[in-house]
Amino acid sequence: MTGCASAVPDQPTERIEFNAPESYPEGIAYDETSDLYFVSSARLGTVGKVTPAGGYSALLNDSSFKSTYGIKVHPDGKRLFVCVSDANYSKLTSPDTRKKMARLVGIDMKTGKKTNDIDLSSLVSGNHFANDLTFDSQHNAYVTDSFSNVIYKVTPAGQASVFADSPMFKTEGVGLNGIVCHPSGYLLTVSSGTGAIYKIALDNPKKVSKVIISQFFMNGDGLLLTADRKLVVVQNGGSDKIYELTSQDDWSSAKLSASTLVADRFTYPSTATMAKDKVWVMNAKFSEITDSTNVPSKRFEMQHARLVPLPQ
C-alpha cells in the first residue's frame, strides 16, 4: 500500500493565527535568532512581531507610515527594513501622500526604534509605491517601485539612486513587485502587471532580460530564494497559489518544479519567508479591503506553503 502512504492530504496546511485587528499584513520576515516573525500592515502602517504560538505585538507605530509592505531582516541581523508607501489600502491616507510616498525605513529589532528613513520619492517623477526590497552581499538595498516601475538602490550609507529603469518594466497598475538578489550577481523581480520575471545584472543594470518560463505570473507578488536557489513565487488576485521554479542556466530560463494545492485555500497570499526549512506565506486578505461592505478582520494568519512536486 505504498501508493496510499504518498497520497497528498486534502486538508489545508498548518497556520499561525494572530490577533491584529484591521492591520492587513502584507510583508513577512522571520528572524532565526529571536524566533519571531515580523509583519507589516497595508491598512495601518504598523510594524508588528508574531511569536510561533501566535502572540502579536506592535514593534513600531508611526502615524506617518500610511502603509507598510515588503519587510526584510537586514544582513547585520539587528535591523528590519520595511517599504513605506501610501498606495491603495491605507486607513490613514492623505492627499499629500497618496501614490506619492516611497520610503525605506530601518528599525532596530529589539527596541523598535527607527534607525533609518530614506526618501525615494524624489528620484523619479510620477506616482510611487515602494513595495518590496532585497539586499546584496555588500548590504546595498534594492527596492521596487510598483507605480514608477523602477528599482532603487540604497547604499549602506543611505545614498539612494535609480538603479534599473527599463522599457520592459512598464505596465499599467501595479508593476514591479517581489524582488530577490541571487548570489551569482543579479536581481530577479516579478511584475504583477506583465506576469513576467526579469533578471537584472548587478554590475550592469542596463542588462535586463525576461526569464523564459512556460507561464506568466499575473498578480505575482512576493519572491523568495531558497537555500538551494529555487525561486518561490507567490501569486494572488484569484489564483492564490504558490509556485516553485528551478533553473539550470543561471535564470535565463526556468521551469515550474512544484506548487501548492487548491485544497490549501490561501486567502490573497502576498509574501513569503523561510523559517526552520519551511516556507511560510502571509495571507493578506486584501480582497476584503476592496469590498466596503466587509467588516474588517481581526485575525490574520501565516500559512505553511506545502510545495508539491509537479510532473516533469
Among the lysines, which fall within straight-line cross-link reach of residue 207, defined as a Cα-Cα distance under 27 Å, with same-chain neighbours fewer than 8 residues apart omitted? 72, 153, 170, 199, 230, 255
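Applying a 10 Å radius around every beta-carbon, put 94-102, 183-191 in order of their mean neighbour count, most first. Don't skip to the end; give the middle numbers.
On the way: 94-102: 16.9, 183-191: 20.6.
Final packing ranking: 183-191, 94-102.
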Excluding same-chain residues fewer than 8 positions from residue 91, which lysines have a Cα within less than 19 Å of its Cα? 66, 99, 100, 285, 298
Out of [x] 19.9, 59; [y] 18.3, 65; [z] 17.7, 50, which label holds the value of Rg and Dmax of the Cα atoms in Å that was computed here? [y]
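Taking the Cα centre of the chain as origin and charging only Cβ (+1 Lys, Arg; -1 Asp, Glu), how large is the dipole, in debye to the nearest 20? Kindly include the intermediate steps, with their values, before the conclusion.
On the way: 32 positive and 32 negative charges, 55 e Å.
Once rounded to the nearest 20, the dipole reads 260 debye.
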Grab the DSSP H runs of the chain that are 4 residues or longer, score each as -39,500 (n - 2.57), total them, divide by all residues and round the 222 nm result to the nearest 500 deg cm²/dmol. -500 deg cm²/dmol
Take every Cα pair under 8 Å in segment 196-312 that's 6+ residues apart, average their separations, divide by the length, and report that relative contact order as a whole percent. 20
So for the chain, averaging the separation of alpha carbon pairs under 8 Å that are six or more residues apart and normalising by length, what relative contact order in percent results? 14
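Rank-order 11-23, 120-132 by packing density, defined as the average count of other C-beta atoms within 10 Å over each peptide's residues, highest first.
Output ranking for 11-23, 120-132: 120-132, 11-23.
By per-residue mean of other Cβ atoms within 10 Å, what is the highest-first order of 104-117, 42-55? Numbers along the way, then the final one.
Values: 104-117: 17.0, 42-55: 20.1.
Averaged packing, sorted descending, gives the order 42-55, 104-117.
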Summed side-chain charge close to residue 131 - residues other than residue 131 whose Cβ falls under 11 Å, Lys, Arg +1, Asp, Glu -1: -4
Provide the FRET efficiency to the nearest 0.05 for the residue 64-residue 227 pair, computing r from the beta carbons and using R0 = 51 Å. 0.90
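Readers should treat all values here as calculations from the given coordinates under stated rules, not as data from a laboratory. Since we're looking at a predicted model, the values are computed, not measured. Virtual Cβ from ideal backbone geometry, glycine too; neighbours counted across all protein chains shown.
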